[in-house]
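Reviewing the structure listed below.
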Amino acid sequence: MMGGSEDPNNKGDSPFESSASQPFLSKPSYPSSASSAVEEESESNQQYLHITYNSGPRSFKDLPFLILFLLFVISTFAFGIFAVFHRNTDYPSLSSFSYDASSSSCVLNPSSTSSSLSSWLSLDSSSHLVKGLIWTLVITFVLSIPLCWALLLLLKHYTKQIVYAAIPFFIAIPIFLNVYWFVACTLRSSCSTAFPLAYRVVVMVFVFLVIGAVVWILVVNWHRVELTISIIGVASHALSRNLNLFGVLPCLIVGLLAYYVPIVVFMVFSRFNGKIAVKNLASGYACVWKEDSWVPAYFALAILTMLWSAAAMVEAQVYVISGTIANWYFSKDHETPKRSIRTSLRNAFGSSSGTICLSGLLIFVVRMVRSAVDSARQEDIPGIVNLVLRCCVNALLTAVDFLNKFTVNFAAITGEAYCSSARMTYELLRRNLLSAVFVETISSRILAGIVFVFSATYTIVACVILKAGTNLGTDSYFVAAMAWVLLIVVLGYLVHVLDNVIDTIYICYAIDRDRGEVCKQDVHEVYVHLPISRSLRQSVTPRTLEYVDMLD
């Protein structure tokens with residue numbers, strides 16, 4: 001077990017004291033500061049002793065950020081309603097205005113009014129490509145639901161068989177597709193002319209190098225595959241006990257889209273606010289549209305509100321998943337939790353809504369800053385100052401991502417505020433020798449590989465059917481590719497939910513371990529095999545390692 005090779009009775013080989021009165025995970029006890037170290041660690045233990053799942057009423061946290069978010073939303077809707085009623089009705093007929101030299105203004109020319117709307121909206125609905133694409137996407141979306149259900153059941157009952165059966169296809173399918181496109185492009189004269197042989201060889205070799213990198217990653221991490229299989233099986237079992245999440249989470253996405261509709265309408269109508277003005281061009285005077293000065297500012301406000309809302313909705317989904325799974329985890333065995341999703345929704349959009357808004361704001365800011373840094377890197381601006389600034393910004397962004405890793409999961413379990421959740425999560429994992437960055441990231445890669453295999457197999461079958469049963473010709477490849485994109489998005493969402501379930505169970509296991517309890521024995525039997533964090537192992541005493549072994 002962990003730390004089993006270290007002898008706590010061998011005091012002469014270690015600078016640390018290992019007395020029976022030393023508290024759990026205490027700092028090194030040097031003779032000059034032994035009492036202060038014990039007192040400080042005891043206060044830390046008392047501070048985090050109450051960490052547990054909070055199933056009762058919760059107080060509101062991070063209210064200033066909720067108020068700030070509501071101000072953004074209210075301002076967006078208020079100015080949007082103003083834009084609708086204040087719009088200039090002359091904007092749609094801008095092309096009908098012409099400059100009148102006698103009055104030095106723009107006047108309406110009725111004879112020039114014409115409607116090109118019918119030609120603009122004309123669509124060749126009888127096109128075979130459009131029909132084939134629509135029907136293929138509809139059928140794929142309908143089939144994606146039972147495919148998700150089947151994949152979840154297979155991962156629950158036959159995790160090991162599915163993983164080991166899918167791993168060879170991680171290599172075989174990319175090799176087949178790489179060779180197929182090379183041969184098909186070589187045999188087709190139009191493709192071979194547009195894409196010379198030298199370029200085709202370079203692309204094919206590059207793809208083979210990528211495949212080789214994937215093989216190397218699998219070989220290096222092969223010793224972790226068994227543990228990963230067990231973790232995926234536990235997460236699939238937990239998710240199968242809370243299948244109502246698949247009814248609630250899509251509804252949240254639909255609700256976000258419905259919330260976007262009026263904002264988009266307001267943005268469209270905001271462009272109608274202005275006037276038709278005369279502009280002196282090189283070719284003479286012309287009538288142009290001049291927007292009001294506040295319209296660009298409203299566009300910026302509406303876009304910021306939509307991006308912040310999207311980030312907050314992502315965090316709200318993580319919160320609902322974590323709260324529901326935690327309710328299942330801390331319930332008694334063979335007991336079905338009641339109203340767990342309803343409770344999680346009430347907490348997410350009630351007492352913890354400020355925490356979700358703050359987390360979404362941080363994610364949004366990090367993504368914006370990272371995009372700006374990437375743009376600056378592509379421009380390749382010289383100078384040591386620019387290089388130092390980019391390094392500092394990247395370090396700051398990495399630190400924020402590090403803090404945000406399990407914060408929302410912890411907040412959903414305990415109901416704590418964002419900053420308290422970030423600090424207490426780190427302390428919880430440190431006290432139990434667990435990594436603050438989940439070491440089993442390979443589980444996400446294996447799940448993504450399984451989704452790739454499923455979606456690629458479906459795409460190949462769909463392409464064969466389209467080639468044999470329709471007259472789409474080469475367009476069947478495009479239609480099959482669109483079906484692949486749709487299916488991989490749906491199945492990828494299942495992987496996203498499973499990743500959040502894995503993270504939530506990880507925090508629940510840490511809380512169990514910290515309190516010396518076992519709520520789910522099967523979870524402990526799997527997660528106990530996670531390796532000790534190397535950075536934390538060096539800062540603990542032999543007495544601590546002995547205590548952790550006793551917990552295991």
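With the structure loaded, tell me whether residue 264 is surrounded by fewer than 18 Cβ atoms within 10 Å (Cβ to Cβ) and closer than 30 Å to residue 164 by Cβ or whether it fails that test. Judged against the criteria, residue 264 is not a match.
In the range 336-350, what residues are farther than 22 Å from residue 510 by Cα, open to solvent by 10 Å² or more (accessible area, probe 1.4 Å) and either assigned to a loop (DSSP other than H, G, I, E, B) or among the aliphatic types (A, V, I, L, M) (or both)?
Selection gives 336, 338, 339, 341, 345, 349, 350.
Mind checking whether some residue in the range 157-173 is open to solvent by 40 Å² or more (accessible area, probe 1.4 Å) and over 25 Å from residue 461 (Cβ atoms)? Yes, there is a match, as at least one residue in the range 157-173 is open to solvent by 40 Å² or more (accessible area, probe 1.4 Å) and over 25 Å from residue 461 (Cβ atoms). With respect to the conditions (1) modelled with pLDDT under 90; (2) under 16 Å from residue 239 (Cα atoms); (3) among the aliphatic types (A, V, I, L, M), residue 362 falls short on a single one, namely (2).
Of the numbered criteria (1) small (Gly, Ala, Ser); (2) surrounded by 12 or more Cβ atoms within 10 Å (Cβ to Cβ); (3) more than 30 Å from residue 523 (Cβ to Cβ), the one residue 213 fails is (2). Tell me, please, whether a residue that is of a type in the set (S, T, N, Q), assigned to a helix (DSSP H, G or I) and in contact with a Cys (Cβ under 9 Å, 6 or more places away or on another chain) can be found in the range 452-470. No. Would you confirm whether any residue within the range 508-520 is hydrophobic (A, V, I, L, M, F, W, C), within 24 Å of the chain's Cα centre (by Cα) and open to solvent by less than 30 Å² (accessible area, probe 1.4 Å)? Yes, the conditions are met somewhere in the range 508-520.
Out of 510, 436, 481, report the one residue that is outside any helix (DSSP H, G or I) and modelled with pLDDT under 90. So the residue among 510, 436, 481 that is outside any helix (DSSP H, G or I) and modelled with pLDDT under 90 is 436. Residues that are crowded, with 16+ Cβ neighbours inside 10 Å and over 23 Å from the mean Cα position of the chain (by Cα) do not occur anywhere in the range 246-259. A residue that is outside any strand (DSSP E or B), farther than 30 Å from residue 271 by Cα, modelled with pLDDT of 85 or more and basic (Lys, Arg) occurs nowhere in the range 127-139. Residues in the range 48-91 that are assigned to a loop (DSSP other than H, G, I, E, B) and in contact with a strand residue (DSSP E or B) (Cβ under 7 Å, 6 or more places away or on another chain) were compared, and the one that is nearest to residue 407 (Cα to Cα) is 88.
From the set of residues in the range 441-473 that are within 17 Å of the chain's Cα centre (by Cα) and modelled with pLDDT under 75, which is surrounded by the fewest Cβ atoms within 10 Å (Cβ to Cβ)? Among those that are within 17 Å of the chain's Cα centre (by Cα) and modelled with pLDDT under 75, it is 441.
Is it the case that the range 219-240 has a residue that's open to solvent by less than 60 Å² (accessible area, probe 1.4 Å) and without any contact (Cβ under 8 Å) to a residue 60 or more places away in the chain? The answer is no; no qualifying residue exists. Being surrounded by fewer than 12 Cβ atoms within 10 Å (Cβ to Cβ), closer than 30 Å to residue 163 by Cα and either within 36 Å of the chain's Cα centre (by Cα) or free of Cβ contacts under 8 Å to residues at least 40 places away in the same chain (or both), is that true of even one residue in the range 177-199? Yes, the conditions are met somewhere in the range 177-199. Quick check on residue 320: is it open to solvent by 30 Å² or more (accessible area, probe 1.4 Å) and either modelled with pLDDT of 90 or more or not in a loop (DSSP other than H, G, I, E, B) (or both)? Here the answer is no, as residue 320 does not meet what is asked.
The values are calculated or read from the model by the stated rules, or taken from the named source; none is laboratory data. As the structure is a computational prediction, the values presented were derived from the model and not from experiment. Note that we place each Cβ from the backbone using ideal geometry, even for glycine, and neighbour counts take in every protein chain shown. To get the accessible areas, we keep the full protein, side chains included, count just its heavy atoms, and leave off ligands, DNA and RNA. Shrake-Rupley method; radii C 1.70, N 1.55, O 1.52, S 1.80 Å.
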